[in-house]
Each structure stands twice: as C-alpha cells, then as structure tokens.
1. Exactly which chymotrypsin sites (Phe, Trp or Tyr not before Pro) in the range 161-210 are in a DSSP loop and have at most 16 other Cβ atoms within 10 Å?
2. Helix-only mean residue ellipticity at 222 nm, the chain, DSSP H runs n ≥ 4 weighted -39,500 (n - 2.57), per residue, nearest 500. What is it?
3. Roughly speaking, what is the centre-to-centre gap between the range 184-224 and the range 80-133 when only Cα atoms are used, to the nearest Å?
4. Ignoring ligands, DNA and RNA, how do Glu303, Glu175, Glu145 rank by accessible area with a 1.4 Å probe, largest first?
5. Taking all protein chains as present, what is the carbon and sulfur share of the accessible area of the chain, in % to the nearest whole number, probe 1.4 Å?
6. Aspartates and glutamates within cross-link reach of Lys6: Cα-Cα under 16 Å, excluding same-chain residues under 8 positions apart?
7. Based on alpha-carbon centroids, what's the gap between the range 307-325 and the range 387-426 in Å, whole number please?
8. Search the structure for amide H atoms under 5 Å from the amide H of Val7, placed 1.01 Å from N in the peptide plane, and list their residues when 5 or more places away or on another chain.
Amino acid sequence: MPDIKKVLIANRGEIAVRVMRTCHDLGIQTVAVYSGPDETSMHVLLADESVLIGNAPSSESYLVMEKIIDAAKETGADAIHPGYGFLSENAVFARLCQKENIIFIGPSPEVIEIMGDKTRARQRMDAAGVASPPGTVNVLERMEEAEKVAKQIGYPVLIKAAAGGGGKGMRIVHEMADLKKSITAARSEAKNAFGDGRVYIEKYLESPRHVEFQIIADHGGNMLHLFDRECSIQRRHQKVIEEAPCSFLTPELRAEMATAALTVAKACNYTNAGTVEFLVDKHHNFYFLEVNTRLQVEHPVTEMITGLDLVALQIKVAENKPLSMAQEDIYINGHAIECRVSAEDPAENFLPSTGRLNTHIIPSGPGIRVDAGVREGQEVSIYYDPLISKLMAHGENRDQAIGRMNRALQEYQIAGLKTTIPFCQFVMDHPAFTASKYNTHFVGEHFAPSQLELTEDESVNEIAAISAALLNNGIKENNELAHSTANSQSEWWLRRGKRV
C-alpha cells in the first residue's frame, strides 16, 4: 500500500486540529470538512484545503457519509481519519471508504461491527475467556426474561443499549418495581440516539473503577498495549478527568489486565488503534466492558507517558507498514492527567453554557499541553459537543502532575461562558482524588453544586466599580459585552485568590 499523501479529517474541533498537526509533521496534506457555522473554525483555518458539507445540524453535515466521500474525491484525498464521535465507529462508513478505494484510518468494518454491538462483543469475549459483568449475553426480548435475570444476578442491575455509548440508553435499577419503566426508557433513549432500541442487562458493580488499556496492532499480527488509563471521574456516565497510568493497579494486576486486553484484540483480529475498557470492583476483580474502535478523547495522557504519537502510529498501520517496536520497548514515564474543559456549568448540574468565547488564554509551562478546538471570539454552538479544549499535565510522579494541573487550571482564563474548570479544580483538591481512593461515583458521593458558588466579596465589588467607571467614561462601546466580560473575569480572579 502506498504512502498516504492527503488525509481528509471527517470531524471538527480539537480532534480535527490534533490529527492535522500530526499530518503536517509527517508532510501529509490535510482537508477539512465543515458546516456553515464552522467556516472560520480552527480546523478549517489550519487545513490545506476545506470543503463545505452542509448546515449546522450534524445530520445535515458531519454525519452525511456521501458528502464526506464526495469531499474526499473532489480534493483527491487518499485517506480519511474519522477522529472520534460522528462516523468514527460506523461500519457502513468504513465499508463505503473501502468501496471508493479510500483508506479508512481505523480498524476494519468487520471489527467495528462486532465491537459496536455490545452483546456480540460480550459473546466473543466469553468465548475468548475474558469475563464480562454477570448478565445477559443476548439482547432482552421479554420482560419476564429481564425479571428472571435481574433476580438471579441481584439488584442493583444496569440496563444498557446494545449499540452506541456515552451513557445513552443506560439506566440503573435498584428494585424490581422500577425494572419495566427503566427498560422502556432505556430502549426509547437508545432508539433516539443510535437508531437501535435493543438493550441488555448486566450486574451493576458497586464502587467500580473505570480502567482502560490502549492497544495498537498492525496487519502482520503484531499487537501491543500502551499501558492503562483511569477514567473514573464521570458525570452522567461521561468522562471528565482521566489519568495515566492508573494509580491503584499493582504491577501484577496491570500485567494481568494488559494480557486480557491483548486477548480481546486477538479475539477479533484487531488492527489500528483501539481501547479495551474494563470495570474493576473493590476486590480488584476486573470485567470486560467494551472496545472503542477509534482514537479516544483521552489519548494524549498515554502519549505523554509513553512518548508516542498515536495518530502517527494510526497512519503507519493504515499504510500497511509494520510497527517498528516491541512490547519491551514501551514503558511508563511519569504520570499524566487530563481535564476536559467544556462549556458546561457544574454549579447547574453540568448544563450546557453555550455562547461566544470572549476570552481564551491558555496556560503553559513545564509539563503542560492544551489541545484546543475553539479560538477566541468563536461561538460554542448548541449543535455540537461543548468541549472547548483538553488540558493535560505531566509530571515525574502523580503528585507533581496534580500540582502542575492545579497551577494550569488557575492560569486558564476563559470569559463569556461557564466551564468545567471550577469542577476540575475541586477534584484536584479533593482528598479522595489525591489519595486515589475514588470510583465512578465520585460526583454523587463528593460533589455538590453549592460547593462551587462564588461568594460576593470585595473582588466582585471592585470589578463592578471598574466596569461602571469604564462605561460612564465611554471607553466601553458595548454595555452588554462589558458586563459579561467583567463578570466572567471576576470569576477567574476569585479562583486565583487575587484582587483586580
């Protein structure tokens, strides 16, 4: 297979920008696709070429396979990188790329299809000897079956969508009286989110930790793991903070889980990059959860501890080149933490806080990396994921990484909308996190929105006085913008503990 010369990135935001940067490092031309509102977005401005593919709703742009393929043909792109989300785990799209002789930078359509259906994946893993949480291997057909299984494995149980992810089509059930309505709600949500209302049931593990292993495999059967990440800080079953490596794993448990991850990869003839996800209970028993057949949002923390560029490895495998390293060549260097900076208000149960990003000044310094997909002055739209950036900190050890993350969060200046930065600071300072004694219930057990409420003190009064003086003197032409900026800046100064 010839070297890839031009890559179309079938995505937007920070992941599109991140893929482009590696492509440019490798001397590969890039093509951006964009919807109307994204015309001046970062990924469009950084690409060598760009193609308009539709209106704001993703169903009219980023999810329209034919428009993506047409854009690749029009620009002469010989490969497509799907990023994450959108079409990244769509087997139909991967097959369409094959049909059009366009390289799909990811695993085969067959693997995507198997692993995209959680019940089929569970069946495959059961056959390979990798344990899943107790529950049904097949989708639920009758309510009587659900009642029988739930009684056998014991409450609480978890109703899960067979397709998709991100917490959609998922319900925790604590007693039989709630089982029927929970299944009905999960099916409806899964149908709306993925076009597939099938669900299954499994034991809900109490106090679990979410641990995943990054894998990479070439077409010659060389399969490697790039160690582990922990993603237990979640809200609504969606990750907010991740770290690598997982801080509670013993060397023996890490080796055992790594072997299981590679067994999963071999069981489905995996190629390219992927993530094998596990749940680990309080007794350190681990269970297969799923395989994400794409690049993960949190992949940079793995890059920071291994020194490897995962996108570059993806491209190399897509070119049908062998991986040039062995497992013993990969080792853990220090510790890394990632905070997702999203346009959400943690004081209001993480509700979206869309609007214009009036100020965006990112932190820097030793061990800090910021992957941003939104630039200052740009609108954070209601149509797409509210992720503004990913903030990463690397240190020689976990304590240093936490310290650097705290410093970076304090330096980060955003005005114009609410973000998850205060919540991330709360986590970094919490003793359960610093002592690594937390699980996926951290938000429910330790966090209350009232803990983030800013008190009215003289800092706010000073900001208001300055703003009023500027307005009265005619220095500010737009009153609404002035008040918005002043209020947002005052929150930053309060977080810094300083006076303006």
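1. On the way: sites: Phe194, Tyr200, Tyr204; in loops: Tyr204.
Counting only loop positions with at most 16 other Cβ atoms within 10 Å, none of the chymotrypsin sites (Phe, Trp or Tyr not before Pro) in the range 161-210 qualifies.
2. On the way: 17 runs with 183 residues, N = 500.
Helix contribution divided over all residues of the chain: -11000 deg cm²/dmol.
3. Between the Cα centres of the range 184-224 and the range 80-133 lies a distance of 12 Å.
4. On the way: Glu303 15, Glu175 100, Glu145 50 Å².
Greatest to least solvent exposure: Glu175, Glu145, Glu303.
5. Result for the chain: 48 percent of the exposed heavy-atom area is carbon or sulfur.
6. Lys6 reaches Asp25, Asp48, Glu49, Asp70, Glu74, Asp78, Glu100, Glu319.
7. 30
8. Distant-sequence amide H within range of Val7: Gln29, Thr30, Val31.
The values are calculated or read from the model by the stated rules, or taken from the named source; none is laboratory data. Keep in mind it's a predicted model, so treat the numbers as computed, not measured. Please note: Cβ atoms are built from the backbone with ideal geometry, for glycine as well, and neighbour counts cover all protein chains shown. These area figures cover heavy atoms from the full protein model, side chains too; ligands, DNA and RNA do not enter into them. Shrake-Rupley method; radii C 1.70, N 1.55, O 1.52, S 1.80 Å.
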